[in-house]
Ligand code: NAD
Ligand code: TDX
């Protein structure tokens with residue numbers, strides 16, 4: 001029999017890709033998307049699956065205990081995958097409060113519901129940022145699952161706090177948890193505040209491309225579908241109580257990514273503008289994915305050279321999606337779709 005899976009944050013970038021991945025790959029499962037629809041959540045992203053009989057969308061805050069408990073009582077989920085989070089480092093530097101609330105307390109509320117009603121697996125979607133950063137002049141160093149937690153931004157501190165709480169609920173209450181710590185994702189439906197979509201959209205408008213500092217900071221990029229496949233494997237075959245790093249050994253300096261985007265779009269590199277650096281800017285992320293490859297046979301399928309072409313093509317072919325975001329119109333979508341249904 002199929003499983004019932006609650007996917008929190010499923011109207012965001014990775015969560016929506018995960019919803020599509022699960023509906024395609026596990027048609028017998030029932031997928032419930034629980035999402036608050038913050039500025040980063042876009043219900044129109046899910047319009048192609050909204051009418052599927054084995055899909056349900058519920059607008060709710062993961063911090064809202066009554067709403068979360070009510071959903072567990074109705075749906076009796078077997079698995080919870082928690083993507084819901086405030087995810088943008090720059091915003092966490094401006095206003096940390098909501099990061100602590102959603103990323104830590106929201107995680108607690110979700111896990112308390114799992115304890116109260118019983119669950120087969122609670123999976124926490126975490127990030128490589130919990131490990132802090134690596135020096136640029138030590139390409140031999142990588143983050144493994146035993147690298148100490150050492151955070152830089154309020155965002156990464158909130159994600160690390162949540163991870164510690166998840167492991168504490170496993171040890172203290174026996175909650176069957178798992179955690180994935182993935183490197184930077186890119187692909188369709190990424191909100192245009194993040195590096196790759198922001199640069200694509202600015203370049204299309206011949207606007208300046210704002211590179212923080214010297215642009216030499218390194219990120220380790222993974223195509224979003226590969227991340228979804230990794231989580232799929234972990235929730236089904238990953239060991240309870242374990243952390244799995246997810247990444248594809250694809251390190252690139254920011255400036256090289258931006259130049260590549262200029263090249264793909266036929267835009268001049270003179271659009272590149274160096275701006276003030278991010279406060280506390282992490283130098284280099286680099287994941288060692290040996291554990292997930294060894295234990296679960298996971299390997300990334302999309303090479304960066306193909307993935308970036310697919311991503312640029314997606315933004316070119318889906319202008320409506322990001323134009324409604326830039327105009328702010330997408331925030332009226334829920335009202336339009338659901339306003340007269342309640
Ligand atoms: P995103 O910002 O695109 O989406 C977040 C989603 O969560 C949105 O739909 C938003 O409406 C929802 N949400 C926010 N607060 C909520 C709340 N209180 N209750 C219910 N829903 C809420 O984020 P993303 O880039 O898709 O990241 C998803 C997860 O993956 C996050 O936990 C993030 O930390 C993690 N992660 C992201 C990356 C990356 O490169 N983007 C890499 C590693 C890990
Ligand atoms: O305008 C920009 N200019 C710029 O130089 C932006 C938005 C970013 N940058 C730099 C900062 C980073 O070094 O590009 C790099 C990538 O920045 P982001 O897209 O903001 O991602 P990052 O800070 O690396 O965090 C991402 O990966 C880990 C996600 O946003 C997190 O949610 C995830 O946990």
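The values are calculated or read from the model by the stated rules, or taken from the named source; none is laboratory data. Model, not experiment: these values are computed from the prediction. Don't worry about glycine lacking a Cβ; one is built from the backbone with ideal geometry, like all the others, and counts go over all protein chains shown.
For beta carbons closer than 8 Å, sequence separation of 6+ or different chains, a first residue in the range 211-228 that is under 18 Å from residue 139 (Cα atoms) and free of Cβ contacts under 8 Å to residues at least 60 places away in the same chain and a second that is within 11 Å of ligand 2 (Cβ to nearest atom) and outside any loop (DSSP other than H, G, I, E, B), the qualifying pairs are 215/253; 215/254; 215/255; 215/258; 215/272; 215/274. Scanning the range 1-30 for residues that are more than 14 Å from residue 57 (Cα to Cα) and away from ligand 2 (no atom under 16 Å from the Cβ) gives 1, 2, 3, 21, 22, 24, 25, 26, 27, 28, 29. Return yes or no: is residue 55 within 14 Å of ligand 1 (Cβ to nearest atom) and more than 19 Å from residue 105 (Cα to Cα)? Against the criterion (within 14 Å of ligand 1 (Cβ to nearest atom) and more than 19 Å from residue 105 (Cα to Cα)), residue 55 does not qualify.
All of 52, 91, 115, 121 fail the test of being out of contact with any strand residue (DSSP E or B) (no Cβ under 7 Å at 6 or more places or on another chain) and closer than 25 Å to residue 240 by Cα, apart from 115. I want to confirm something. Restricting to the range 83-92 and keeping residues that are crowded, with 17+ Cβ neighbours inside 10 Å and more than 7 Å from ligand 1 (Cβ to nearest atom), which single residue is nearest to residue 182 (Cα to Cα)? That would be 89.
This table checks each residue for (1) at pLDDT below 95; (2) within 16 Å of ligand 2 (Cβ to nearest atom); (3) in contact with a helix residue (DSSP H, G or I) (Cβ under 9 Å, 6 or more places away or on another chain); (4) at negative phi.
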site: 51; (1), (2), (3), (4): no, no, no, yes
site: 59; (1), (2), (3), (4): no, no, yes, yes
site: 79; (1), (2), (3), (4): no, no, yes, yes
site: 82; (1), (2), (3), (4): no, yes, yes, yes
site: 100; (1), (2), (3), (4): no, yes, yes, yes
site: 106; (1), (2), (3), (4): no, yes, yes, yes
site: 111; (1), (2), (3), (4): no, no, yes, yes
site: 114; (1), (2), (3), (4): no, no, yes, yes
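Being crowded, with 21+ Cβ neighbours inside 10 Å, modelled with pLDDT of 95 or more, under 20 Å from residue 175 (Cβ atoms) and within 9 Å of ligand 1 (Cβ to nearest atom) holds for only one residue in 125, 130, and it is 125. Scanning the range 262-280 for residues being in contact (Cβ under 8 Å) with a residue 24 or more places away in the chain and exposed (fewer than 13 other Cβ atoms within 10 Å of the Cβ) gives a total of 4. Inside the range 166-189, residues that are in contact (Cβ under 8 Å) with a residue 12 or more places away in the chain, more than 7 Å from ligand 1 (Cβ to nearest atom) and assigned to a loop (DSSP other than H, G, I, E, B) make up a count of 5. In summary, helices (runs of 4 or more DSSP H) completely within the range 24-136 and bearing 1 or more residues that are more than 22 Å from residue 334 (Cα to Cα) and free of Cβ contacts under 8 Å to residues at least 40 places away in the same chain occur at 65-75, 89-94.
Looking across the range 326-342 at every residue that is within 21 Å of residue 202 (Cβ to Cβ) and out of contact with any helix residue (DSSP H, G or I) (no Cβ under 9 Å at 6 or more places or on another chain), the one that is modelled with the lowest pLDDT is identified as 328. For the range 237-249, the condition holds for at least one residue, the condition being that it is more than 23 Å from residue 159 (Cα to Cα) and in a helix (DSSP H, G or I).
Kindly indicate whether residue 238 is in contact (Cβ under 8 Å) with a residue 60 or more places away in the chain and on the phi > 0 side of the Ramachandran plot. Can you show your working first?
On the way: in contact (Cβ under 8 Å) with a residue 60 or more places away in the chain: yes; on the phi > 0 side of the Ramachandran plot: no.
Considered against the rule, which asks whether it is in contact (Cβ under 8 Å) with a residue 60 or more places away in the chain and on the phi > 0 side of the Ramachandran plot, residue 238 comes out as no.
Scanning the range 151-165 for residues that are outside any helix (DSSP H, G or I), touching a residue at least 60 places away in the same chain (Cβ under 8 Å) and within 13 Å of ligand 1 (Cβ to nearest atom) yields a total of 1. Please determine whether any residue of the range 252-261 is within 14 Å of ligand 1 (Cβ to nearest atom), in contact (Cβ under 8 Å) with a residue 12 or more places away in the chain and either at positive phi or not in a strand (DSSP E or B) (or both). Yes, the range 252-261 contains at least one residue that is within 14 Å of ligand 1 (Cβ to nearest atom), in contact (Cβ under 8 Å) with a residue 12 or more places away in the chain and either at positive phi or not in a strand (DSSP E or B) (or both).
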